[in-house]
Structures are given as structure tokens and as C-alpha cells.
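The values are calculated or read from the model by the stated rules, or taken from the named source; none is laboratory data. The structure displayed is predicted, hence computed values, not measured ones. Positions of Cβ are generated from backbone atoms using ideal geometry, with glycine treated the same way; all protein chains shown enter the neighbour counts. These accessible areas exclude ligands, DNA and RNA; they are computed on the full protein's heavy atoms, side chains included. Shrake-Rupley method; radii C 1.70, N 1.55, O 1.52, S 1.80 Å.
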Amino acid sequence: MDWLRKNFRGLYWRQMSVTVGMVALTLVLLGTSFFTLSYTYTRSQKIDDLLNRAQVMNQLAVRYLESGRYLSVDELQEDENFRRLTASAAALSDIDVLICDEEGHVLLSTDANMEGKSITMPSDAVESVQQGGRWIKRSDLDGTYAKKRFVGGVPVISADSGRVLGAVFAVSTTQMVDQMWRGFAGLFVMAALVVLLIAFMASSVTTLRQVKPIREMAQATRHYAEGDFDIRMNDYGRNDEIGELAASFNNMAESLQQTERQRRDFIANISHELKTPMTTIAGYTDGILDGTIPPENERQYLQIISDESRRLSRMVRRMLDVSQLQAMDPLRGGGHFDICESMRRVLISMEKKITDRDLDVEADIPEDPILVLGDNDMITQVIYNLLENAAKFARAGSTLYLGVALAQDGKACVTVRNYGETIPADELPMLFERFHKSDKSRSEDKDGVGLGLYIVKTILEQHKEQINVTSEGGITTFSFSLRLE
């Protein structure tokens, strides 16, 4: 019962019930209207026919009744000519004729079953004929007939005196009408069943076409609620509202999937990017506290800690907007900054890591400022990630290169180079993919999650720039350019 109740409350059965119900109601209304109109027409035709036949018999009876020769039923029935005329007229008209006197006594009947019987017409029939000039009704004539028949009567009026001499009643069976009605009813029922069957099949196909995508959407939403955004709707090549809804549903799913992807990236980026400045701050703070850093250098390193703290704060705010990173436009504001100063700050913040790796640094940074277009914090993060990556994979005791130069295309070209193992050519395109990690044996950072270079690529793409990498003979070079003011 629960299954039936649930399914009959569904959209499919509701639509089916409405469609079939409307078709059935239409058929009932059409059938009722047609039956009513046809019955009215048939009854009218039958009435007119009976009255016409009664008028014909009236012309035969008037001269006989007007002469006053027939004082009894026997005398009228013994008149062979009159009997022959009335019988012929009744046979031609397929009706029975009853000729009555003024009081309604049947003087002559063409119905053989009434021979020898004394029959009197109903008083209301006689009065209606005498007063109204006609009487028509379905009646059994007070039990004269076993079943009701169509009976129509007209008065017999003297042409000379205008006196009512009697009445003529024409009687017709309803067998032909009943057969017609039964045939029509059977034909109508059969046609109605065929129409209902066609309506059911057409409504079933149409409703299924409408319900199936909706059921798929309901199933897809359950997957989305579970965090699975890979499900897509099939639009079935439809250009109607369902197809438009399916397209909108897929767009929504794509947006949800992208939002989920950005959310995961946000968490991964936070865990990766916040680690570096926090480590720098903690390292220099511990160095000051335990006396590793001489007192005369404390102010310098406190400044570094202050700068890194502010950069960390800005980075956190930037990470909170990482889900909208693809929509950001760092060039819209037209801000400029000194790329040389940013590179110097990165070198200072990386001093401890570089020293721990026993690396030298070759810095080719001009004293004069080079103003470039872009976001200072974002580009600083790019330089930091590249230099950190270079230090991580550099051969111990080797030299790192960090430099900037003006290119012929009116841009500033930043280059980061290290000496270590050669990166295979087939691996170079994958370096900037999310979560991609090179051979861990070449890195002391066993906990990296492979987002540093991905963030570099993303930031540069937002600046409408690209990053290039080459690796030959153990020399790996990263380079990117920025537009000048």
C-alpha cells in the first residue's frame, strides 16, 4: 500500500490521471450532448411522422364518421372498404391506427391483437386531442400494450359543422429507435475506449519524457548532497524547457564542482603557503631568544620578522579570497611597484635556508628601481616560491642565481637558476600542475604537497604572463616577465 500510495502521488501518475480524466470528461460531455441532441431530433422526427400518418388516416375516417352511419364498432369494422383502406395505409406507414369516437371508444384498430376487445383511450389523451388539436406521448395506453410506444393523436373534425366527431391515433413501436440507440451506444463506447487507450499511451510517453529528466535530477541532487559533483544531466537533444533546465542544471553542477575544487585548493594552499613565513618568523624569533643572533643584529632580524608578519597577514587575507582567484584581475587597478625591492626582501627572508644548504647567491639586481605593473604581494610570493624551490633542489655548495633585466619587448624579465640534477624533458610540463611533486630523493622537504609552482603559474596567468622552465646539463632555469609602467 505504501508503494502504491507513493507512486500514485508521483508526478507521472498525477499527469496521467489529469490527462486521462480530461479526455474521459470530454468524451462524457460530448456523448451526453450528442445523445441529447440526437434524442431530441429523433423524437421530433417521430412525432412529426406519427402526426402526419394520423392526419392521413384522419382524411379517410372523417367522411365515414361524418355520415353518422356507424353507430357501433361492429358496423364500422364490417365495412370492408374502410377496413381495407385503413389497413393499407397502416401497412404503408408501418404503424397501427386506432379510430375512436368522441368518448374515446376505439371503433377500429389495425392491430390484429386488439380484435374482439373493447378498448377505450385514456381520458387525458381524448381531452388533449379535442381541446388542443393533438396529443403525443410514449405510453402503453393504460396497459393496452405490454411496452410503451410512441402514440400520436389528432381530432376528426367535420368539414361542414366543425364539430369534433372523434379522434385518430397512430401507434408506432420503439424497436427501431431502441436498436438505433443500442448500436449508437456500442459504437460510442468502442470509440471512447479507443480514444482513452490512445490518450493513455500518448500521455504515458509524454509524461515519461517529462518525468525521466526530473527523476535523474532528483538522483543527481542526492549525489551532490554527498559531495559527488561528477554527475551530469542528459538533455536528450531537447530544445524545450526540460532541455533548458538540464543545461542549467549541468551549469550549476559545474559551478558546484569548481567551488568544491576551489575549496579544496584553498585548504591545501593554506597548509602549504602559511608554513614558510611562519617558519621564518619562528626561526628568527628563536634565534633572538636563544642568543644565536647577536644583539647588534637583532633590529635587522626583528624588521624581517615584522615584514614577514605583515606579509603573512596579507597572505592570509589573500588565501581567504583564493576561491575567487580565477576571477581576480591584479592589473585592473594599474598599480606599480619596484620589482628590485621585492627581490631583495625575498633574498633576506630566505637567508637562513640558503645558509643551511651551504649555498651561494649570485644576485643581479640593479640599484635603480624597476617599476612593473601588478600586485606586489602576489609577485613577491612568486619570487619566494621559485627561490625556495631552487634552493630545495640545488646541489649543496652550489650557487643560486636571482636576477632581473629589461627585455627588448618592454618588459622586466626575472630569472631564477640553480645547479642540481637535470629534470627530464617529459616532466617539465607537469611541474606546474597541482600537487605534482618531483622525485622526493632530490628534496629534503618530505612534507611538500606540490602547490608552490601551481600557485606561481596561477598568479602569473592572472597577470597575463607565462613562466618558462628549461633544464639542461644540471642547470634548471625559471623565468617570467612583467610589464613595465
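Whenever a residue of the stretch 417-434 is closer than 28 Å to Asp364 by Cα and charged (D, E, K, R), its partners that are at pLDDT 85 or above and open to solvent by 30 Å² or more (accessible area, probe 1.4 Å), lying with C-beta atoms within less than 9 angstrom and at least six residues away or across chains, give the pairs Arg417/Glu362; Arg417/Thr399; Arg417/Tyr401; Arg417/Ile475; Glu421/Phe393; Glu421/Arg395. Here the stretch 130-146 is the region considered, the condition is being free of Cβ contacts under 8 Å to residues at least 12 places away in the same chain and not in a loop (DSSP other than H, G, I, E, B), and the residue that is farthest from His105 (Cα to Cα) is Gly132. If the condition is being at pLDDT 70 or above and either assigned to a helix (DSSP H, G or I) or within 30 Å of Leu29 (Cβ to Cβ) (or both), then the stretch 147-178 contributes Lys148, Phe150. Selection within the stretch 273-292: residues that are modelled with pLDDT of 85 or more and either in a loop (DSSP other than H, G, I, E, B) or basic (Lys, Arg) (or both). The member of this set that is farthest from Tyr384 (Cα to Cα) is Asp290. Within the span defined as the stretch 386-396, every residue fails to be more than 18 Å from Ser471 (Cβ to Cβ) and modelled with pLDDT of 90 or more. From the list Arg263, Arg299, the one residue that fits, being of a type in the set (Lys, Arg) and at pLDDT 85 or above, is Arg299. Just so you know, in the stretch 41-65 the residues that are open to solvent by 80 Å² or more (accessible area, probe 1.4 Å) and within 60 Å of the chain's Cα centre (by Cα) include one that is modelled with the lowest pLDDT, and it is Arg43.
Only residues that are in a loop (DSSP other than H, G, I, E, B) and either open to solvent by less than 30 Å² (accessible area, probe 1.4 Å) or at pLDDT 70 or above (or both) were counted in the stretch 428-485, giving 14.
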